[in-house]
Amino acid sequence: GLQYGTSPCTTNDGDPGLRRTPSPVRVTVQNQPGNCQSTLDGALIYEPEDTTCEPYAIWGIQPGDLDFGQVIVGDPPAMLSFSIFNDGGADLMWTAEVSGTDPVNFWIDGGPSGMVPANSNVIRDVVFNPTAEQVFSAVITIFASDPDADPASVSFNVQGEGIPAPWARHT
């Protein structure tokens with residue numbers, strides 16, 4: 001259960017990274033016969049064997065909120081693209097969650113997870129399939145699997161309106 005502290009660094013490739021640092025450990029000593037104890041903060045120092053500067057992902061999404069406008073109910077679903085960019089020096093493993101008011105009407109084509117290589121980007125599509133004549137909305141949150149990634153998650157809103165087919169509209 002011991003964990004190292006970290007400090008910012010720059011990798012040999014010039015990417016931002018983190019390096020493990022020596023970390024103080026709190027020790028509690030208990031005298032069994034006298035049943036007394038004392039806690040010593042930083043009594044031991046946990047020394048990392050490897051202090052290599054490890055790159056991490058610095059990422060985000062573009063363009064942000066997506067508005068599908070009006071989509072005919074019963075037609076094939078509509079799709080809009082977004083890009084997950086990774087400007088960091090480590091690959092970014094990500095997962096997505098759709099939540100909010102109408103999550104079943106929106107999903108990410110190709111599945112709710114993936115990988116973006118270091119210093120690269122990946123384009124994915126959000127699919128909107130209206131099931132009724134109304135406005136639908138949801139929130140898509142993309143989570144980084146690496147706890148050192150910056151940021152840990154990014155959210156954007158999606159919305160669209162289901163409308164009747166032109167031949168089904170009442171005049």
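Applying the set (1) more than 14 Å from the chain's Cα centre (by Cα); (2) surrounded by 13 or more Cβ atoms within 10 Å (Cβ to Cβ) to V139 leaves exactly one unmet item: (1).
Scanning segment 1-52 for residues that are of a type in the set (D, E, K, R) and more than 24 Å from the chain's Cα centre (by Cα) yields a total of 6. Of all the criteria given as (1) among the small types (G, A, S); (2) part of a loop (DSSP other than H, G, I, E, B); (3) open to solvent by 50 Å² or more (accessible area, probe 1.4 Å), the one not satisfied by S81 is (2).
When residues in segment 1-30 are screened for being part of a loop (DSSP other than H, G, I, E, B), modelled with pLDDT under 80 and either open to solvent by 80 Å² or more (accessible area, probe 1.4 Å) or touching a Cys at 6+ places or on another chain (Cβ under 9 Å) (or both), 4 of them pass. Number of residues in segment 120-148 that are without any contact (Cβ under 8 Å) to a residue 40 or more places away in the chain and not small (G, A, S): the value is 6. Taking segment 87-123 as the range and being of a type outside the set (S, T, N, Q), open to solvent by 60 Å² or more (accessible area, probe 1.4 Å), part of a loop (DSSP other than H, G, I, E, B) and within 25 Å of V135 (Cα to Cα) as the test, the residues that pass are D109, G110, P112.
Out of segment 142-164, which residues are of a type in the set (A, V, I, L, M, F, W, C) and either surrounded by 14 or more Cβ atoms within 10 Å (Cβ to Cβ) or part of a strand (DSSP E or B) (or both)? Show your work before the answer.
Of the residues in segment 142-164, the ones of a type in the set (A, V, I, L, M, F, W, C) are 142-144, 149, 152, 154, 156, 158, 163.
If the condition is that a residue be of a type in the set (A, V, I, L, M, F, W, C) and either surrounded by 14 or more Cβ atoms within 10 Å (Cβ to Cβ) or part of a strand (DSSP E or B) (or both), then I142, F143, A144, A149, V154, F156, V158, I163 are the ones that fit.
In segment 31-57, how many residues are open to solvent by 90 Å² or more (accessible area, probe 1.4 Å) and outside any loop (DSSP other than H, G, I, E, B)? Selection size over segment 31-57: 5. Restrict the check to segment 81-98 and report whether at least one residue is under 27 Å from P164 (Cβ atoms) and in contact with an Asp or Glu (Cβ under 7 Å, 6 or more places away or on another chain). Scanning segment 81-98, I find at least one residue that is under 27 Å from P164 (Cβ atoms) and in contact with an Asp or Glu (Cβ under 7 Å, 6 or more places away or on another chain), so the answer is yes. Residues in segment 69-119 that are free of Cβ contacts under 8 Å to residues at least 12 places away in the same chain and closer than 30 Å to E54 by Cα: G111 alone.
Figure legend. Inter-residue proximity from segment 28-53: first residues farther than 13 Å from Y4 by Cβ, second residues part of a loop (DSSP other than H, G, I, E, B) and open to solvent by less than 70 Å² (accessible area, probe 1.4 Å), beta-carbon distance below 9 Å, spacing 6+ or different chains. Indicated pairs: C53/T11; C53/D15.
The values are calculated or read from the model by the stated rules, or taken from the named source; none is laboratory data. As the structure is a prediction and not an experimental result, all values here were calculated from the model. Because the Cβ atoms are built from the backbone with ideal geometry, glycine has one as well, and the counts that use them run over all protein chains shown. Ligands, DNA and RNA are excluded from the accessible area calculation, which covers all protein heavy atoms including side chains. Shrake-Rupley method; radii C 1.70, N 1.55, O 1.52, S 1.80 Å.
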